[in-house]
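See structure below.
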Amino acid sequence: MSDNSAAYEKSPIESYESTEKKSNVLSKSKVRRAKILGIIMLLLSAVVMFVLAPASQGIATFGLSFPDDKFQLDALAIPSTAALYVLAMVLAFLGGTQFLKGFQRKSTLILGISFVVFVISIMIWATAGQEFSLISMLVSTIARTTPIALGALSGILCERSGVVNIGIEGMLLGGAFTGVVMGSLLGGWVGLIAATITGGVLALLLAFLAINYRVDQIIIGVVINLLVLGLTSFLTSQILVGRPEWNDAPIFPAIKIPILGDIPIIGPMFFDQTVIVYAMFGLVALTTFLLFRTRWGLRTRSVGENPKAADSLGISVSKTRYLAVIYGGMVGGFAGAWFTLGTVGRFDEGMTGGAGFIGLAAMIFGGWNPIGALGAALIFGFSDSLSQKLALINTSIPTEFLAMTPYLVTIVVVAGLVGRARPPAADGQPFEKQ
Amino acid sequence: MSSQLDPQTREELVNPKDRSFTQRLATAADWRSAILIPFLAVFSALIIGLVIIILTGSSFAEAMNAYLALLQGSVGSLRAISETLTAATPLILAGLSVALAFRAGLFNIGGEGQALIGGMFAVWVGFSITGLPFFIHLPLAIVAGIVGGAIWGFIPGILKAKTGAHEVITTIMLNYIALRLVDFLLKTTMFQREGRNDPVSKNIEASAEYPTLLTGIDSAMRVHAGLFVALGAAFLIYWLLFRTTIGFEFRAVGANPSAARYAGISVTKVYILVMLIAGALAGTAGAGQVLGLLGRTTPGFTADLGFDGIAVALLGRSNPWGVVAAAILFGGLRAGGQQMQVSANVGIDLISVIQALIILFVAAPALISAIYRLKTPVASAQISKGWGA
């Protein structure tokens, strides 16, 4: 990709590498970036110090155990005002040091820590004088992470092979729909398989048009999203409304893993969930292994980076892309089942509500890497779950802003302020065999 | 990605005025891509829609009945035509927004957010200022919509120009940010209607409303003066693109940014300006919905306008007049879809399916060529260029 205005002015990747080689010589843009990051942290500190701390009083209580847990942890009681001033000082110290000296290579990490401190401040401020069940928020974080992480995984599989997939949302929605219908008729496991197949079929459409007809891949993604949204809404109003028994699927129960499930905090979060959640962790691990440790993975990645070279070595570009895209689609369809079979057991029009696009964001934020994407999905799941739970307790905090965070973070990431995510080189470009 | 221009594009870039529209239609490939492919795309989508109706348990006669209702609801009476034009009005503007960006090689998926912000600006001017005559208040509210949309379009524009952040990602994210922002604003005292707990804004003053055009004949005719604004915008964009230097620069950057930069065109400036204008157009669309139809805003009041704009721009092949024609077609489908739902009991969501299929077939002309066994297949347009960094 040479046709980008920024490519000539400055290439962040190159400048980053070149400054690393020259060690202590910092480029102008790096100094400016360090200053900007410092100012951001100082602003966060100011918000905590002058807005949050004066406005809070009383003890913020965070519940760490469910009443029926085997080992009970005492609720965490934090005196809000004092804690907020301490946190503001921490932020001010980090921000001041960053602004004056800069943490250089560690500055992104420090920025991350600052955000964590800031979020903790917001939670303390919002809970001051009340009780907040931290543990139920953490458990729902993992649940909400699941479709986002799987959606991101779906995107990664497609894009690592060089096919842009912005139809993740449609794959989720399609999976959710067929999952609930087949689940209602033939049971949850059949529903899960049906959802997976649906995602695969939609991916087949993407692969067919992108590879055989070289249609613009972003347009195919938009079409898949619109088509599935229209079709599922139409079928819901035409068929499911008249046959409620087709829209009433069994929900997968949470399965508690013996011993591990009794560990405080970690137990309920990771070892007392539904099969779909366990499968998500399994798929992330499996896909990481497949992509980076097998011949298939190497070939898939090479096709996404340099299809011409791969082709000249005898790798079939289109076959490799077909496989990766269909695998990705099946993951996306499976993820869709979470919305119906994993939570409520019924389908509502447009119920995925943009989770596919958050998955896309997680994919980019995670640098097209399954583990990174899982981390990003956890952050997004956390902000989602936090905004939901904070809306329940009576606080003055506008939860809409928390819900915005994933999107804002993504813009910051693609703009290259916090590191730069590099997509596969041939992402979105059709390949023509010569 | 090839860095060379095909002869046709080069010809058009170098000498756009030499060939008139009719002359250009005369060449077979142009005729196919401008008229035949869109027609066959719409036709094929309607056929598949028919199959879907039948598969969901209707007889063939019932399905044909539904399509008859669709036809009647879109062009069957003066009132139907009024509804069609009412629905087409915002689609023209949203379509122009996407089309203009396409011409400069940008994919503006952010029409939705830009329309939302434009609408919020317009509704605020509409209800907060009182006592102005309508010939001042209405333009002021429209300008507010333009400014709101332009701000929301400027953000991805400057990010693209300065950091290379891909506009598809940033505009999708800005759509969701705008949605949440509207949710939030509608709960603040600044916007929320007094005495209401649900998120709904105050009503705009009568002096900020678009005048209706045909209420003299029948009070149910909703078509409003926003239609002229939309048509005016189409003319303006046509003039900008094909009759001005800046429009030439837009198209040059769209055809090949590297070559354009080499020729001394500031790609940075073009990206920012294009997204600014595209945002302004979408903002006008959102403002038009508020000032012409709704009179207030609610969460997500634009109802997927931005996505419909993509469909319109693709079907209209990014030509301003093509966009107008496509918008009227989609407006007709929307208006007819209402009638179809009421009198034939076929859900209006079918229209979304038909629309999606139309985009698909227009974007994949090779598919149409294969189905109908046309000779000389038309190559698919490559509009986006990966995530490119």
Going through segment B:354-369 in order, the residues found to be assigned to a helix (DSSP H, G or I), small (Gly, Ala, Ser) and within 7 Å of chain A (Cβ to nearest Cβ) are B:356, B:363, B:366
Inset, instruction - Could you check, for segment A:315-338, whether at least one of its residues is charged (D, E, K, R), touching a residue at least 40 places away in the same chain (Cβ under 8 Å) and surrounded by fewer than 22 Cβ atoms within 10 Å (Cβ to Cβ)? - result: no
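State the number of residues belonging to segment A:254-266 that are out of contact with any strand residue (DSSP E or B) (no Cβ under 8 Å at 6 or more places or on another chain) and either under 18 Å from residue A:347 (Cα atoms) or surrounded by 14 or more Cβ atoms within 10 Å (Cβ to Cβ) (or both).
Keep residues of segment A:254-266 that are out of contact with any strand residue (DSSP E or B) (no Cβ under 8 Å at 6 or more places or on another chain), which gives A:258-260, A:262-266.
Filter once more, so that each one left must be either under 18 Å from residue A:347 (Cα atoms) or surrounded by 14 or more Cβ atoms within 10 Å (Cβ to Cβ) (or both): A:262-265.
Adding up the residues that qualify gives 4.
Here are A:355, A:425: which of them is crowded, with 19+ Cβ neighbours inside 10 Å, within 14 Å of chain B (Cβ to nearest Cβ) and among the small types (Gly, Ala, Ser)?
Values: A:425 fails: crowded, with 19+ Cβ neighbours inside 10 Å.
Testing whether each residue is crowded, with 19+ Cβ neighbours inside 10 Å, within 14 Å of chain B (Cβ to nearest Cβ) and among the small types (Gly, Ala, Ser) leaves just A:355.
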Considering segment A:257-314, residues that are more than 24 Å from the chain's Cα centre (by Cα) and of a type in the set (Asp, Glu), and then whichever is nearest to residue A:137 (Cα to Cα), we arrive at A:262
ask   = So is residue A:64 within 28 Å of the chain's Cα centre (by Cα), surrounded by 13 or more Cβ atoms within 10 Å (Cβ to Cβ) and at pLDDT below 85 or not?
value = yes
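May I ask you to verify whether residue A:222 is assigned to a helix (DSSP H, G or I), farther than 30 Å from residue A:139 by Cβ and at pLDDT below 90? Break it down into steps so the answer makes sense when it comes.
Details: assigned to a helix (DSSP H, G or I): yes; farther than 30 Å from residue A:139 by Cβ: yes; at pLDDT below 90: yes.
Taking the combined requirement at face value, the residue satisfies it.
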Here the residues within segment B:348-360 that are buried (at least 24 other Cβ atoms within 10 Å of the Cβ) and more than 16 Å from residue B:312 (Cβ to Cβ) are B:350, B:353
Among B:284, B:376, the single one that is modelled with pLDDT under 85 and more than 13 Å from chain A (Cβ to nearest Cβ) is B:376
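Restricting segment B:278-310 to residues that are β-branched (Val, Ile, Thr) and crowded, with 24+ Cβ neighbours inside 10 Å, which is nearest to residue B:202 (Cα to Cα)?
Start the filter on segment B:278-310 by keeping residues that are β-branched (Val, Ile, Thr), which leaves B:284, B:290, B:297-298, B:302, B:310.
This time we only want the ones that are crowded, with 24+ Cβ neighbours inside 10 Å, so: B:284, B:290, B:297, B:302, B:310.
Working: B:284: 20, B:290: 11, B:297: 8, B:302: 17, B:310: 31 Å.
Across segment B:278-310, the extreme among qualifying residues is B:297.
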Of (1) of a type outside the set (Phe, Trp, Tyr); (2) crowded, with 17+ Cβ neighbours inside 10 Å; (3) within 13 Å of chain A (Cβ to nearest Cβ), residue B:201 fails just (3)
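Report whether or not residue B:314 is within 12 Å of chain A (Cβ to nearest Cβ), at pLDDT below 90, assigned to a helix (DSSP H, G or I) and within 12 Å of the chain's Cα centre (by Cα). Reasoning before the result, please.
Values: within 12 Å of chain A (Cβ to nearest Cβ): yes; at pLDDT below 90: yes; assigned to a helix (DSSP H, G or I): yes; within 12 Å of the chain's Cα centre (by Cα): yes.
Against the criterion (within 12 Å of chain A (Cβ to nearest Cβ), at pLDDT below 90, assigned to a helix (DSSP H, G or I) and within 12 Å of the chain's Cα centre (by Cα)), residue B:314 qualifies.
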Within segment A:296-343, the residues that are in contact with a Lys or Arg (Cβ under 8 Å, 6 or more places away or on another chain) and more than 30 Å from residue A:194 (Cβ to Cβ) are A:301, A:310, A:311, A:315, A:317
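Would you confirm whether any residue within segment A:167-174 is in the same structural domain as residue A:328 (by TED's automatic domain parsing) and modelled with pLDDT under 90?
So in segment A:167-174, the residues in the same structural domain as residue A:328 (by TED's automatic domain parsing) come out as A:167-174.
Within this subset, residues satisfying the condition of being modelled with pLDDT under 90 are none.
Scanning segment A:167-174, I find no residue that is in the same structural domain as residue A:328 (by TED's automatic domain parsing) and modelled with pLDDT under 90, so the answer is no.
So which of A:30, A:70, A:101 ends up being within 26 Å of residue A:269 (Cβ to Cβ), surrounded by fewer than 18 Cβ atoms within 10 Å (Cβ to Cβ) and modelled with pLDDT under 80?
Numbers: A:30 fails: within 26 Å of residue A:269 (Cβ to Cβ); A:101 fails: within 26 Å of residue A:269 (Cβ to Cβ).
Of the residues listed, the single one that is within 26 Å of residue A:269 (Cβ to Cβ), surrounded by fewer than 18 Cβ atoms within 10 Å (Cβ to Cβ) and modelled with pLDDT under 80 is A:70.
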A careful count of residues in segment B:41-68 that are within 11 Å of chain A (Cβ to nearest Cβ) and outside any helix (DSSP H, G or I) gives 3
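Within segment A:243-251, can one find any residue that is closer than 30 Å to residue B:354 by Cα, among the aliphatic types (A, V, I, L, M), outside any helix (DSSP H, G or I) and away from chain B (no Cβ under 14 Å)?
Step one: filter segment A:243-251 for residues closer than 30 Å to residue B:354 by Cα, giving A:243-249.
Add one more test, that the residue is among the aliphatic types (A, V, I, L, M), and what stays is A:249.
Subset that is outside any helix (DSSP H, G or I): A:249.
When the remaining residues are screened for being away from chain B (no Cβ under 14 Å), the result is A:249.
Scanning segment A:243-251 turns up at least one residue that is closer than 30 Å to residue B:354 by Cα, among the aliphatic types (A, V, I, L, M), outside any helix (DSSP H, G or I) and away from chain B (no Cβ under 14 Å).
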Counting only residues in segment B:86-143 that are polar (S, T, N, Q) and not in a helix (DSSP H, G or I), the one modelled with the lowest pLDDT is identified as B:130
Selection from segment B:336-351 of residues touching a residue at least 24 places away in the same chain (Cβ under 8 Å) and within 8 Å of chain A (Cβ to nearest Cβ) yields B:346, B:350
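Given A:184, A:233, A:154, which one is surrounded by 21 or more Cβ atoms within 10 Å (Cβ to Cβ) and either of a type in the set (Phe, Trp, Tyr) or under 27 Å from residue A:429 (Cβ atoms) (or both)? Talk me through it step by step, then tell me what you get.
Details: A:184 fails: either of a type in the set (Phe, Trp, Tyr) or under 27 Å from residue A:429 (Cβ atoms) (or both); A:233 fails: either of a type in the set (Phe, Trp, Tyr) or under 27 Å from residue A:429 (Cβ atoms) (or both).
None of the others qualify; the one that does is A:154.
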Expected output for segment B:174-189 (first residue within 8 Å of chain A (Cβ to nearest Cβ) and on the phi > 0 side of the Ramachandran plot, partner of a type in the set (Ser, Thr, Tyr) and part of a helix (DSSP H, G or I), Cβ below 9 Å, 6+ apart or cross-chain) is none
Going through segment B:77-95 in order, the residues found to be touching a residue at least 60 places away in the same chain (Cβ under 8 Å) and not hydrophobic (A, V, I, L, M, F, W, C) are B:79, B:82, B:83, B:84, B:86, B:89, B:90, B:95
Notebook entry, point to check: Given the structure, is residue A:47 under 17 Å from residue A:116 (Cβ atoms), out of contact with any Leu (no Cβ under 7 Å at 6 or more places or on another chain) and β-branched (Val, Ile, Thr)?
Noted result: yes
Confirm whether residue B:302 is away from chain A (no Cβ under 13 Å) and not in a helix (DSSP H, G or I).
yes
Contact list, first residue from segment A:231-248 and under 18 Å from residue A:344 (Cβ atoms), second anywhere and modelled with pLDDT of 90 or more and loosely packed, with under 15 Cβ neighbours inside 10 Å, beta-carbon distance below 9 Å, six or more apart or interchain, is A:245/A:185; A:246/A:185
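The values are calculated or read from the model by the stated rules, or taken from the named source; none is laboratory data. Source: prediction; values computed, not measured. Neighbour counts run over all protein chains shown; Cβ positions are idealised from the backbone, glycine included.
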